[in-house]
Each structure stands twice: as C-alpha cells, then as structure tokens.
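Okay, structure first, notes after.
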Amino acid sequence: MEHDREWYDVNIFRPRKGYMTGEVVIILFVLLGWAVANFGVQAILWLLSETPQGEGILTRLTFLSFPWHFWFTAQFLPLWFIILCILFNIYIDRHTEQHSRRKDRSHD
Amino acid sequence: MTDAGPNLIPLIIVTLALASFIVAGLRARARSASDYGIGGRYIGRIGGGAAIASNWMSAASLLGMGGLLYLHGYYALAYVIGWTGGYVLLLVLMAGQIRRFGKYTAPDFVGDRYASPMAGLISAGISITISIIYCTAQFKGIGMLFAWLFGTDYRNGVILGAVVVVGYVIISGVLGVARNQQLQYTLLIVSFILPLMVLAYKLGYFWVLPQFGYGVAIQDLKREFGINFAAPFASGSLFQWISLCFTLMVGTAGLPHVLSRFYVVPNIRDARWSLVWGLFFIALIYWSAPAYAVFARLLEARSGVSLSPAAAERMADLVVIKTAVMGGLPPWMIGILAAGAVSAAFFTVAGLLITGASSFSHDIYYRFINPRASETTKMALSKAAVVALAGVVLVVALDPPGLIAEITAVAFALAGNTIFPAFLLGIWWGRANRHGVIAGMLTGVVITFSAPLFGGFLPLVADIFPLTSSAFFGAPTVIAIMVGVSLLTPPPPDEVRRFLAEQVHGHMD
C-alpha cells in the first residue's frame with residue numbers, strides 16, 4: 001500500500017520514472033534559457049552601468065544601429081522566446097514519439 | 001492637429017470595419033452550417049496561431065504599450081518582454097497538462113482538481129474580477145478613440161463607446177455571428193504595420209521592415225535633441241523592471257481566457273505548435289510598438305512641441321494615433337489604424353464580458369444558488385450579467401485609475417497571484433489540497449491589492465508589492481502558503497491524485 005501511494009505521487013522535483021522524467025528535464029532546460037537570457041542580462045546591464053540612468057558599455061555598443069541592450073531586449077528576447085518554444089516542441093515531440101513507440105500507440 | 005471636431009474619414013472606416021466583421025461572421029455561419037457540419041472546420045497550426053494572437057491582442061497591445069514606451073522608453077520594454085516571455089511559461093508548464101486534465105475553464109479546473117466547490121467558487125470570483133479590470137482598460141482605450149473620432153471629450157467618448165460595444169456584443173450574439181479570428185488578426189497586423197512603414201518612409205528610415213529599422217531614429221533622438229530613449233534605468237530601477245516583467249509573465253500563464261485557448265485545437269501537438277505561431281504573430285506587433293513611440297518622440301521634438309509630463313500622460317494612450325496624425329499620414333490610413341485598435345478592444349471586451357457572464361450564471365448561480373435552474377433561466381441571467389458587468393466597468397472607466405497598460409497589468413498581477421499558483425501546483429504537485437489552494441488564492445487577492453489597501457500606513461508593503469508588479473514576491477509567497485497549508489492538512493482524495501498521475505502525467509507509460 002505504501003509503495004502504491006508513492007507510485008501516484010506527482011512532484012515536479014521528484015518526477016515519476018518514464019515519460020515524466022524526460023519531460024521535466026526538457027522543461028528545466030527551457031526555463032533555464034528563459035531565466036538567464038531575460039533576468040540575467042538585465043542584471044549584467046545593471047552591474048556594468050556607470051551612471052544612475054544605467055549608461056555603460058552595453059548601451060554604448062551598437063548593433064544594427066540600435067544601442068546593444070535595446071536591441072537585445074526589444075528585438076532579440078521575443079525572438080529568443082520563439083526559439084525556446086520551437087526547441088521545446090521539437091524535443092517534446094521526439095520524446096513523445098519514443099514513448100509512444102514503446103507503448104505501441106499513436107502519440108497524444 | 002485634427003483634434004477639433006470629428007474625424008469623419010477615420011470614423012467611416014472604423015464603422016465599415018466593424019460592420020464587415022458582422023457580415024463576414026454571418027456568411028461564415030451560413031457556410032459552416034451547410035458545408036462543414038456542426039463541428040466547424042479545422043484551421044491548421046498557422047490559423048490556430050492567428051486565433052491565439054487575435055484572442056490576445058487588445059487595446060493594451062495596440063495602444064497602451066506604445067503609450068508607456070513613449071512615456072518611459074526602455075523601462076516599458078518590460079511589457080514587451082513580459083507579454084511574450086509569459087508564453088514560454090504557459091507552453092512548458094501548462095499547455096499540454098491542462099489539456100490532458102480536460103477542464104475547459106479556470107473555475108472548472110480548480111474546482112475539480114482540488115475537489116472543492118468552494119475553491120471553484122473563489123476562482124470564479126477572481127476570474128470575473130480579472131475580466132472587469134481587463135475590460136476597464138479596454139473601455140479607456142475605446143473611450144479615448146471614440147472621443148477622438150467624434151471630436152468630443154473623454155467622458156462622452158467612453159459612454160458612447162460603452163453603448164456601442166455592448167450593442168455590438170448583443171447584436172453579434174442575437175445574429176449568431178461567428179468569430180473569424182484569422183480575419184481579425186489580418187486586420188490588426190495590417191492596420192498596425194502599414195502606417196508604420198509609411199511613417200518610417202516619410203521620416204527617411206528603413207521602411208521595408210520598420211520594426212527593425214528604427215535604431216537610427218533612437219540615435220538621432222539622442223544626438224539631435226538629447227533625448228535618451230534607451231537609458232535602461234531612467235524610469236525605474238532594476239527591481240522595478242524585473243518585478244514588472246515577472247508579474248506580466250506569470251499573469252500571462254494564469255489568465256483564464258488565455259488558458260482556455262488550448263481546447264480549440266484537436267490535439268495537443270497541434271495546440272503546442274499553434275502556440276509558437278501565436279507567439280510569432282504577437283511578436284510581430286510587439287516588435288513594432290516601440291517604433292511608434294520613438295517616432296512620436298522624434299516628430300514632437302522636430303516640430304518643437306514640448307508637452308508637460310501631465311499633458312504627455314493624458315495623451316499617451318492615444319500616442320499611436322497621434323504619431324500617425326503628426327507624421328501627416330492620409331486620413332484613410334489613420335482610419336485603418338484606428339479600426340485595428342477599435343476592433344482589438346471590441347473583441348477583447350466581447351470575449352471577456354461573455355466569459356465573465358457565463359461564469360456568473362454557471363459557476364456561481366447554477367452551482368451554488370439554484371442547481372435546478374433551467375437553460376432558459378441561465379441564458380437570461382447571462383445576458384443580464386453582460387449588461388451588469390459592462391455597467392460596472394463603465395463606472396470604473398469614467399475615472400480611469402491609470403494608463404491602459406498599467407490597468408491591464410493589475411489584472412495580470414491578480415492572475416499571477418491566484419490562478420497561476422493554483423494551476424502550477426495543481427498540475428505539478430499531487431499533494432496540493434483544497435485548504436492550501438483556498439488559503440493561497442485568498443492571500444493572493446490580498447497581496448494584489450495590498451499597495452492601495454495598506455501602502456498608506458505601511459510604505460514597505462507598497463515597495464514589496466507594487467500594484468502593477470506584485471506577483472514577483474506575491475506568486476512565490478502564495479506558492480509557499482499553498483505548500484505549507486497543504487502539508488498541515490489531509491491530502492486530496494485518492495482518485496484526484498491517481499487521475500493526475502495516470503492521465504495527466506502517466507499517459508505515455
């Protein structure tokens with residue numbers, strides 16, 4: 001009975017063996033890429049700032065005529081989110097197919 | 001400026017656009033009834049993406065974002081990032097799982113997952129509150145647009161707009177107009193980007209992809225006029241930026257009308273891929289909004305206009321339209337731009353009022369007050385609730401508490417502090433129970449409104465939980481409370497935990 005109870009415990013930090021383990025690994029990688037690019041770069045911008053307004057090396061550099069930090073936040077980050085979603089979907093599709101083949105049933 | 005008197009040509013174009021949606025909706029209904037059967041037709045991943053994007057686009061995206069960027073420059077990019085990055089959370093943490101759970105609305109999910117009608121009732125109340133706040137922002141946008149179109153003041157504009165939008169919702173409902181979200185998205189994207197291309201061309205910047213070509217304008221603004229549009233921390237600190245951004249993200253993943261999108265598409269794989277297309281279509285608009293703000297600053301500076309901060313804030317929510325006027329675009333093109341913004345606001349209001357009203361008649365009245373109510377009674381109650389909700393929204397919108405995007409952000413904060421934790425733990429932690437979720441959601445409501453409630457005599461509270469950004473500390477606090485209370489009280493029923501393990505997470509094992 002005790003064993004049975006453990007079997008149906010759902011916890012993202014202790015994923016169940018099988019499909020969920022792989023799924024959680026993919027999720028954690030995507031979330032890492034999401035957090036670092038977003039919050040990490042803002043923190044670096046703050047660390048490298050030389051004036052109270054936040055001017056620094058990253059605001060002086062330009063890319064495609066934009067101040068680098070502005071380009072990164074306004075243009076690259078939304079694109080990065082799209083890339084992350086595409087990667088997530090590709091890996092989840094692949095993961096699902098592997099497991100559905102094992103189980104001999106079409107995915108979803 | 002063409003501020004005095006009505007703007008006739010734009011008014012005609014807005015009217016034509018709204019009428020064309022009714023006509024197209026009626027034709028689509030006639031066709032789908034005869035050719036496609038009751039189920040309707042499957043629209044594919046790209047079509048599904050367009051539907052996600054048009055469901056999402058509101059006055060906050062088309063007007064509010066440009067306004068805040070115009071006022072605050074880089075700081076307001078937190079809105080661009082928050083409202084796109086939230087989709088990553090939604091996709092990786094929730095989309096597939098809530099679909100496998102198989103509940104269509106937030107109150108249904110919360111009520112079933114936590115096996116507690118009371119939790120469902122609370123989340124229904126929260127959903128309705130979110131709708132009201134969200135609609136208030138839309139009404140402000142509609143009011144400002146109508147005031148501009150008819151050449152009248154804001155008060156008259158918002159009353160007139162409210163009457164027209166409620167009339168539109170009722171007429172569409174009575175006629176049974178099908179929503180064509182692909183057509184809506186096409187109008188939105190064309191109406192937003194075409195004027196921007198012409199503006200960029202007139203100002204002498206790269207006009208083919210104006211979203212990516214306004215970098216030189218930022219530099220010109222700084223070099224010629226000393227306006228530093230891109231200064232990172234000029235309008236807010238690192239903490240304010242990150243907390244706002246985080247709040248908008250978790251709010252996106254907790255908004256009831258966004259969560260229910262995943263049931264429209266036949267299978268999970270298509271639902272996931274249409275979300276990617278949806279995010280791309282949303283990004284097309286969000287890459288463009290900052291360009292409007294930069295051009296507005298540039299045109300103002302070049303014509304020697306210098307608005308006082310108060311005057312700038314009053315007109316900020318209409319800055320997208322004003323930029324087109326200042327840039328000397330032809331009236332018909334300004335009309336198209338206005339038509340896009342009006343329809344975005346109209347369809348958002350329609351969606352939110354109808355969901356709010358049906359939530360009232362189904363989740364609250366039918367489940368708690370009168371379980372024997374007939375379908376006719378429920379329908380009548382829904383219709384009355386649409387009008388009642390619109391009335392409440394109108395009263396609040398007559399004296400709007402902030403800018404469009406700011407008001408919307410409060411709705412996101414509420415969603416992020418209540419619905420998001422309820423879904424997150426509901427899906428990913430089988431031990432979360434009804435005591436936990438009720439305590440958590442109620443705490444979340446208090447946290448969301450703690451700045452106006454307690455900020456007056458406890459300044460620290462207003463610093464930790466700012467009204468538009470309270471979920472940065474709020475959502476983790478609520479999650480901690482949910483975990484703590486759940487552990488101190490008995491676990492949820494075995495069948496719920498088993499269902500979660502076998503159907504939601506074990507479907508492949």
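So the values come out like this:
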{"read-out": "Residue within region B:239-255 that is more than 22 Å from A:PHE81 (Cα to Cα) and buried (at least 17 other Cβ atoms within 10 Å of the Cβ) present", "value": "no"}
{"read-out": "Residue in region B:449-459 that is within 14 Å of B:VAL478 (Cα to Cα) and assigned to a helix (DSSP H, G or I) present", "value": "yes"}
{"read-out": "Residue match in region B:143-156 (condition: open to solvent by 30 Å² or more (accessible area, probe 1.4 Å), within 14 Å of another protein chain (Cβ to nearest Cβ) and among the basic types (Lys, Arg))", "value": "no"}
{"read-out": "One residue from A:LEU64, A:LEU58 being facing chain B (nearest Cβ under 7 Å), among the hydrophobic types (A, V, I, L, M, F, W, C), out of contact with any Cys (no Cβ under 7 Å at 6 or more places or on another chain) and surrounded by fewer than 23 Cβ atoms within 10 Å (Cβ to Cβ)", "value": "A:LEU64"}
{"read-out": "Count - residues of region B:196-222 that are part of a helix (DSSP H, G or I) and out of contact with any Gly (no Cβ under 8 Å at 6 or more places or on another chain)", "value": "11"}
{"read-out": "Condition broken by B:ALA115, with the remaining ones in (1) aliphatic (A, V, I, L, M); (2) more than 11 Å from chain A (Cβ to nearest Cβ); (3) in a helix (DSSP H, G or I) satisfied", "value": "(3)"}
{"read-out": "Top-ranked residue of region A:11-55 - restricted to ones that are facing chain B (nearest Cβ under 8 Å) and of a type in the set (Gly, Ala, Ser), ranked as farthest from B:ILE227 (Cα to Cα)", "value": "A:GLY18"}
{"read-out": "Which numbered condition B:ARG269 fails, given (1) over 25 Å from B:VAL349 (Cβ atoms); (2) open to solvent by 10 Å² or more (accessible area, probe 1.4 Å); (3) within 11 Å of chain A (Cβ to nearest Cβ); (4) in contact (Cβ under 8 Å) with a residue 60 or more places away in the chain", "value": "(4)"}
{"read-out": "Members of region B:397-417 that are buried (at least 24 other Cβ atoms within 10 Å of the Cβ) and farther than 18 Å from B:TRP83 by Cα", "value": "B:ALA397"}
{"read-out": "Number of positions in region B:294-325 that are among the small types (Gly, Ala, Ser) and touching a residue at least 12 places away in the same chain (Cβ under 8 Å)", "value": "6"}
{"read-out": "Condition broken by B:VAL92, with the remaining ones in (1) free of Cβ contacts under 8 Å to residues at least 24 places away in the same chain; (2) away from chain A (no Cβ under 14 Å); (3) part of a helix (DSSP H, G or I) satisfied", "value": "(2)"}
{"read-out": "B:ALA432 being among the small types (Gly, Ala, Ser), within 14 Å of chain A (Cβ to nearest Cβ) and part of a helix (DSSP H, G or I)", "value": "no"}
{"read-out": "Residues that are free of Cβ contacts under 8 Å to residues at least 40 places away in the same chain, away from chain A (no Cβ under 12 Å) and buried (at least 17 other Cβ atoms within 10 Å of the Cβ), drawn from region B:469-509", "value": "B:THR477"}
{"read-out": "Selection count, region B:90-101, where residues are closer than 11 Å to B:LEU424 by Cβ and open to solvent by 10 Å² or more (accessible area, probe 1.4 Å)", "value": "1"}
{"read-out": "Output for region B:198-215, where each listed residue is touching a residue at least 60 places away in the same chain (Cβ under 8 Å), open to solvent by 10 Å² or more (accessible area, probe 1.4 Å) and more than 9 Å from chain A (Cβ to nearest Cβ)", "value": "B:VAL198, B:LYS202, B:LEU203"}
{"read-out": "Which listed residue is under 22 Å from B:ALA397 (Cβ atoms), in contact (Cβ under 8 Å) with a residue 60 or more places away in the chain and among the basic types (Lys, Arg), from B:ARG155, B:ARG179", "value": "B:ARG155"}
{"read-out": "B:ALA293 being touching a Pro at 6+ places or on another chain (Cβ under 9 Å) and within 12 Å of another protein chain (Cβ to nearest Cβ)", "value": "no"}
{"read-out": "Scope region B:351-376; condition surrounded by fewer than 22 Cβ atoms within 10 Å (Cβ to Cβ), in contact (Cβ under 8 Å) with a residue 60 or more places away in the chain and within 20 Å of the chain's Cα centre (by Cα); matching residues", "value": "B:GLY351, B:ILE354, B:THR355"}
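The values are calculated or read from the model by the stated rules, or taken from the named source; none is laboratory data. Note that the coordinates shown come from a computational prediction; the quantities given were computed from them, not determined experimentally. Ideal geometry is used to build each Cβ from the backbone, glycine not excepted, and the neighbour counts take in all protein chains shown. Note: accessible area is taken over every heavy atom of the protein model, side chains too, but ligands, DNA and RNA are not part of it. Shrake-Rupley method; radii C 1.70, N 1.55, O 1.52, S 1.80 Å.
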